[in-house]
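The values are calculated or read from the model by the stated rules, or taken from the named source; none is laboratory data. Quantities reported herein were computed from a predicted structural model and do not represent experimental measurements. Every residue, glycine among them, receives a Cβ derived from its backbone with ideal geometry; neighbour counts consider all protein chains shown.
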Amino acid sequence: MDRSNDKLVAAFAAVLRDRRERAGLTQEDLAERADVSARFISFLENGRRQPTLSALAALSTGIGANMVDVIGDVEARYRETSASNSVNKSAGRKP
């Protein structure tokens, strides 16, 4: 069973990048705070990887946020993207 969801992964990537930048952190800074590699941060922000729950907890702490707030932002971004794609499809436009 394939459970991949490109829109959800893209939403997480965008939220992580936005929150990191708002916190004034580089990918290297966040990597150090979360005890992961800068390459992993890059992969997350480019949608090439998905975080485990443990990584999500460390990333959230690293950007100074609660996990629930990060996930809430991801859900909002995901729903916003899904809703705009539905409008485009119903209007006969490509997303």
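Quick look at the numbers
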item: Any hit, segment 44-54, residues being over 13 Å from residue 9 (Cα atoms) and either buried (at least 16 other Cβ atoms within 10 Å of the Cβ) or at pLDDT below 95 (or both); result: no
item: When residues of segment 6-64 are limited to those that are in a helix (DSSP H, G or I) and of a type in the set (Lys, Arg), the one nearest to residue 78 (Cα to Cα); result: 7
item: Filter pass, residue 3 being at pLDDT below 95, outside any helix (DSSP H, G or I) and of a type in the set (Lys, Arg); result: yes
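Residue by residue, here is whether (1) among the small types (Gly, Ala, Ser); (2) at pLDDT below 95 holds:
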{"position": "13", "(1), (2)": "yes, no"}
{"position": "33", "(1), (2)": "no, no"}
{"position": "37", "(1), (2)": "yes, no"}
{"position": "64", "(1), (2)": "yes, no"}
{"position": "78", "(1), (2)": "no, no"}
{"position": "82", "(1), (2)": "yes, yes"}
{"position": "85", "(1), (2)": "no, yes"}
{"position": "91", "(1), (2)": "yes, yes"}
